[in-house]
Amino acid sequence: MDGASISALAALSGSIIGGVTALGTSWLTQQAQARARENAEDRTAREALYSDFIVEASRLFGDAWVNDRPEMSNLIGLYAMVSRMRVRSSSRVIENAEKVARTIVETYFAPNRSLRELRDMLDSESMDPLRGFSEACRDELRSLRAGAGVPGLGNG
């Protein structure tokens, strides 16, 4: 081969390599952005689900303290939220959510409490059945923000 052919071949090879590199970099960047967007959407959906669960469980727990007849549709809604958590949450979050739901049902079967009894119990742990759930959610959401995946789902 003569010098001109070698130069042309080298220039063509360089262009091809540069194009493939640019294409690969662009593809990898788009994949990383899509993954980050999916993770952010998942984290936002979990936060909303956990928040809804806390609000509903708190309301039902308060109702259980003063009533002995639960609205079944409300309890079913709470258990539906637990089932939604089973799809995307860690086993620790699910276990704590199930514990909260059981506590609420058990509280409906316990004698009703007066306002005075509630005041006397304010410092006891029985007044905060959502503590373990909230802590498990906080830990899970922190691990998602750190990009570590979710422990208990095989990805963290």
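The values are calculated or read from the model by the stated rules, or taken from the named source; none is laboratory data. Remember, predicted model here, so these are calculated numbers, not experimental data. We place every Cβ from the backbone using ideal geometry, glycine too, and count neighbours over all the protein chains shown.
Before moving on, here are some points about what is shown:
- Candidates are the residues of the stretch 102-119 that are among the polar types (S, T, N, Q) and in contact with a helix residue (DSSP H, G or I) (Cβ under 8 Å, 6 or more places away or on another chain); the one that is surrounded by the fewest Cβ atoms within 10 Å (Cβ to Cβ) is Asn112.
- Residue in the stretch 24-37 that is surrounded by 10 or more Cβ atoms within 10 Å (Cβ to Cβ) and outside any helix (DSSP H, G or I) present: no
- Any hit, the stretch 98-105, residues being among the hydrophobic types (A, V, I, L, M, F, W, C), touching a residue at least 60 places away in the same chain (Cβ under 8 Å) and within 23 Å of Glu135 (Cα to Cα): no
- Selection of the stretch 51-93 for residues being polar (S, T, N, Q) and surrounded by 18 or more Cβ atoms within 10 Å (Cβ to Cβ) yields Ser89, Ser90.
- Subset of the stretch 108-156 (residues that are at pLDDT below 90, within 22 Å of Pro70 (Cβ to Cβ) and assigned to a loop (DSSP other than H, G, I, E, B)): Ala110, Pro111, Asn112, Arg113, Ser114, Met121, Asp128, Pro129
- Of the residues making up the stretch 8-37, those that are within 30 Å of Leu144 (Cα to Cα) and of a type in the set (Val, Ile, Thr) are Thr25, Thr29.
- For the stretch 63-107, the candidate set comprises residues that are of a type in the set (Gly, Ala, Ser) and not in a helix (DSSP H, G or I); within that set, the residue that is nearest to Tyr50 (Cα to Cα) is Ser89.
- Pairing each residue of the stretch 54-67 that is closer than 11 Å to Val105 by Cβ with any residue that is among the aromatic types (Phe, Trp, Tyr), provided the two are 6+ apart or on different chains, yields C-beta distances under 6 Å for Ala64/Tyr108.
- Test: residue in the stretch 98-111 that is over 30 Å from Gly147 (Cβ atoms) and within 17 Å of the chain's Cα centre (by Cα): no
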